Structure formats: C-alpha cells, structure tokens
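Colleague: There's a structure below that I have some questions on.
The values are calculated or read from the model by the stated rules, or taken from the named source; none is laboratory data. These figures come from a predicted structure and were not determined experimentally. Neighbour counts are summed over all protein chains in view; Cβ atoms, including those assigned to glycine, are modelled from backbone coordinates with ideal geometry.
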Amino acid sequence: MAIVLPDAILGAPGVDYASVREWIIQHCKIISSIGLHLDTFQPHNGTQTSVLFLQKKTQQEMDEEARTRTMKNYNVFFAMVDKIGHDKRGNTIFKRDNGGNELLVPETDSLLMSNISDGTLTIQNMPKRKSLTTKQMRLPINFLGGRSQRESNGKSKSDPTKCFTKA
C-alpha cells in the first residue's frame, strides 16, 4: 500500500500525531519513505509531503511483537525527489542546453519491461507500430460479417483477397 502523508504526521515533535505513527508501526512494515519536492502539489497546495510504502503485518507478526515488546529489524528504503517537472506556479520546466535552448525529446518508442525468473528487471526499447488502415487489412468478407462467396454465387469458399467495404 502507498499513502501520501504530510511530513508533520511522520516527524513533527509532540503528541498530535503520535497515535497515527504508533498505529502505522504496529500494523505495518515500512517498505520505503520517499520525500516529495516542496512544489509537488503547487500551485494548489504547498504542504511538504512524503510517500510511504507499507506492507500489512500478519496477525502472527503483530502478536509476536506485542509478546516480546520488540520490533523485528528490517531494511527501509529512503529517497528524496529533487525535480518534479514544474515550478511553484505549475509551469512546465524544460531541460535546456548550454545555450539556453529547450531540449526537445523526439517521440520515443515504447518501453517493454519484463521480469526474469531470477528477479532481474530488463527494459527494452520497442519500435513504434503504425496503425493499419482498412486497405491494409486483408480479411475475408465473412470474417467481418459480410456475405461469403457461397451466399453470393452458391460456391462454398470465401475470397480472402476481398476487403470489407461498406454496402
């Protein structure tokens, strides 16, 4: 589960949000905490926020921690977002070259991400595919709901070279 929370809930001193933090620690494993850029929700909201990735603990894990009064050690990933692609007014920020000109990214091919059995992730560039026009699609008329050759001339074969045309 992922949840976006104001940083005040996660780290503000005092007892205002202590019960929320306590509940999260008792019922969930914190997988990752990613601090979002201050302007992430600008121009509408200036609250500093983080994304918290959580995994629900099993009842057995919660009972064991309550019985021993200790938490099981595990790793937590922490990261901070530096750039978000817009300024505090919501205007898009473009990458620029040394001369100050906007760098235009050509239309890219799609990416194919696949997970291999050993757990590694591979990413491949897949070339763009052109959409086929009706003229390029060579399907038998009866495939598209039209009349077969048998209906029109009494023979039982359909002509695969005929394309669908409006009557």
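Colleague: Just checking, how many residues over region 1-37 are touching a residue at least 40 places away in the same chain (Cβ under 8 Å) and not in a helix (DSSP H, G or I)?
Modeller: Total meeting the criteria: 15.
Colleague: Still on this structure, I have one more. Answer yes if at least one residue in region 11-25 is more than 30 Å from Leu103 (Cβ to Cβ) and of a type in the set (Ser, Thr, Tyr), and no otherwise. Break it down into steps so the answer makes sense when it comes.
Modeller: Applying the first criterion (more than 30 Å from Leu103 (Cβ to Cβ)) to region 11-25 yields 11-25.
This time we only want the ones that are of a type in the set (Ser, Thr, Tyr), so: 17, 19.
So far as region 11-25 goes, yes, one or more of its residues are more than 30 Å from Leu103 (Cβ to Cβ) and of a type in the set (Ser, Thr, Tyr).
Colleague: Does Ala8 fit the bill of being among the small types (Gly, Ala, Ser), at pLDDT 85 or above and exposed (fewer than 13 other Cβ atoms within 10 Å of the Cβ)?
Modeller: On the way: among the small types (Gly, Ala, Ser): yes; at pLDDT 85 or above: yes; exposed (fewer than 13 other Cβ atoms within 10 Å of the Cβ): no.
In short, no.
Colleague: Looking for whichever is surrounded by 10 or more Cβ atoms within 10 Å (Cβ to Cβ) and modelled with pLDDT of 90 or more here; the options are Phe77, Phe94. Which one fits?
Modeller: Values: Phe94 fails: modelled with pLDDT of 90 or more.
When all the criteria are applied, what remains is Phe77.
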